[in-house]
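I'd like to ask some things about the structure below.
The values are calculated or read from the model by the stated rules, or taken from the named source; none is laboratory data. Being a predicted model, the structure only gives us computed values, none of them experimental. Using ideal geometry, Cβ is built from the backbone for each residue, glycine included, and neighbour counts are taken over all protein chains shown.
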Amino acid sequence: MEKKPLLSIVSPIFNEEECIEEFLNRVESTTRKLPCEYEIILINDNSTDSTEKKIINICEKNHKVKLINLSKNFGHQPALLCGLINAKGDYVISLDSDLQDPPELITRIYDELTTKNFDVVNTKRVSRAGENFVKKLLINLFYFISSFFLAREIKYQVGDYRGVNRKVLNLILSQKNNFFYRSVVSQIGFEQTCIDYDRQTRFKGESKINFVGLTKFALSGIFSSGYAPMTLIFFLLLIQIFLIIIYLILGLVNILNFLIIFLNFTILLSILVLFQYLKNIINITNKKPHYIIKSKINSD
C-alpha cells in the first residue's frame, strides 16, 4: 500500500484564547477530508492569556496537534520560521489563527500542490473585511512602498498564507539569516501560482497588531529583501545633484531653502537606512538566534 504524503499546517499563535479552539476545529475538519496524513504545529509566541493552557488540553486528546512554546515574544516571522523548521511534512501550509484567513482554503492549496504540481501556492487578499480605515491605510501604504519602490519581491496583498513542497521549503530554510517569508518565497522562483480570496473578519477578539508593530514588521520586510533602500537614497542624491546644477545655471536663490531641507532629509534617511543594515549585520555576525524554544508537546 502506497504511503500517504504528510501535510504540515503551521500557525504562529499569540494571545488567541478566543479563537484557538474554533481555529483547530475548522483546520481539522478540512484536513481530514484530504488524501494525506497531517500534523498541526502551533508556535506559541509567549502568549500571556490562557492560549497555552487551552492548546495543552487539546494536545492531550489529539496527538496530531503539536505545541512549541517560545521563551519570550520573538514576533510573527521568527515564530513562523520556528514552525517551518519543525515541520516534517512533504507539503507545508502556513496561516494565522485569527480566522481572517479561512482554513477551508487549505483544500485548494493542497490540490494545487499535489495534482497540479506547483511548487508554491500563494494566496492574495482581494478584500479585507472588519479592518478599520487606519489599519487598511497603513497596510496598503506598506504594500505600495514595498511592491513598487523598495522590495519588489513583496507582492501586493500576498501574505504568509501559502503552501510549499518540501523541495522549496528546504531551500527557503537554507537562507534564513534575514528571514521574511513572503520575500524569500518570491525571490526563490520555481513554479508558483496564486489563489484569490476575501479576507474575513476576526472570529473573536481584537487584532494584536498596532502601529508600532506594523511599522517594525514593514521595516523587517523591506530591509530583508536586498539593497533597494540604499538604491532609493542613491537616486535621491542624484536628484539633489541635478537640482543643484540647475540652481547654479539659473541662479535661482528661492529654491535654496528647499535644497537645504531636501539635503537634510536625505542625510537623515541615509543614517536610518545604514543603521538598520548595521543592525542586521551585527545580528548575523553574533549569530543571534531568531527564536528560543522553551518546551514542546507532541513534538520531538
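Consider THR31 carefully, then state whether it is surrounded by fewer than 16 Cβ atoms within 10 Å (Cβ to Cβ) and in the same structural domain as LEU171 (by TED's automatic domain parsing).
No.
Can you pull out the residues in region 53-95 that are over 15 Å from the mean Cα position of the chain (by Cα), part of a helix (DSSP H, G or I) and either among the basic types (Lys, Arg) or more than 30 Å from PRO35 (Cα to Cα) (or both)?
LYS53, LYS54, LYS61
If THR48 passes every condition in (1) part of a helix (DSSP H, G or I); (2) free of Cβ contacts under 8 Å to residues at least 40 places away in the same chain but one, which one does it miss?
Checking THR48 against (1) part of a helix (DSSP H, G or I); (2) free of Cβ contacts under 8 Å to residues at least 40 places away in the same chain, the one that fails is (1).
OK, next. Can ASP98 be described as part of a loop (DSSP other than H, G, I, E, B) and not polar (S, T, N, Q)?
yes
Conditions first: (1) crowded, with 21+ Cβ neighbours inside 10 Å; (2) more than 19 Å from the chain's Cα centre (by Cα). ILE9 passes all but one, so which condition is the exception?
If we test ILE9 against (1) crowded, with 21+ Cβ neighbours inside 10 Å; (2) more than 19 Å from the chain's Cα centre (by Cα), just (2) comes out false.
Can you tell me how many residues within region 1-37 are out of contact with any Asp or Glu (no Cβ under 8 Å at 6 or more places or on another chain) and under 30 Å from SER71 (Cα atoms)?
Number satisfying all stated conditions: 11.
Next up: Could you tell me whether region 54-73 includes any residue that is acidic (Asp, Glu), over 20 Å from LYS167 (Cβ atoms) and crowded, with 21+ Cβ neighbours inside 10 Å?
no
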